[in-house]
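Reading through the structure tokens given below for one structure.
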Amino acid sequence: MRSPHSFIVRPEGGKLFDNVSNGIILSSSTEDHEFTNRIAVVEEVPIGYSGPVQKGYRIVTHHNTFRPFNNMRGVEEMPSTFVKSDVYFIDPESIYMYANPGNDWTAMDPNVFVRPVEKKHEFLLLPGELEPLHGVMVYGPSPGTPVVFTPHSEYEFRINGDTLYKMKLSDICLVSKKEY
């Protein structure tokens, strides 16, 4: 089965949610977007597709791709991306990042991924407090570069155990001289 326009994917590990850590269920709500699975494995690429993402690659996608929702009557339904069992359609624009079989992640243009940085005060570091609108580019055109980004552009993801913000390259407004 191949689609003329969409990727055919399966959620990684067959899981719709990524809500268990060290055997502890962190959230049991399907409405909690923070714990929906955002990683998929590509089963088929669109007919005629010639881009970098290939069959067998892992991709990062939107948090609603696999998440069931309640309709206006309160009845749970599967998302419009659902095909059958654990098979889903993904539009190319919904792929934010991909990893080849060697597990090397690459952001899909125009997306970039930035690691937030902890706030530094003059003489101490306050653990857990983040520097607003500052980060270090991890996946994008200049990895390791300290950047400043526009307000409300950050969209949180957990990739390889790290918290990263997905944003568009156009949301990066300054290259910072700060060292983190």
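Counting other Cβ atoms within 10 Å, which trypsin sites (Lys or Arg not before Pro) in region 77-180 have at most 14 and lie in a DSSP loop? Can you show the working numbers first?
Details: sites: Lys84, Lys119, Lys120, Arg158, Lys166, Lys168, Lys177, Lys178; in loops: Lys177, Lys178.
Hits after loop and neighbour filter: Lys177, Lys178.
What lysines does Lys177 reach when the alpha-carbon gap must be under 24 Å and sequence neighbours fewer than 8 apart in one chain are set aside?
Here the lysines satisfying the reach criterion relative to Lys177 are Lys119, Lys120, Lys166, Lys168.
Read-outs: derived from the displayed coordinates by stated rules, not from any lab. None of the values given here were measured: they were computed from a predicted structure. In this analysis, Cβ positions are derived from the backbone assuming ideal geometry, glycine residues included, and neighbour counts consider all displayed protein chains.
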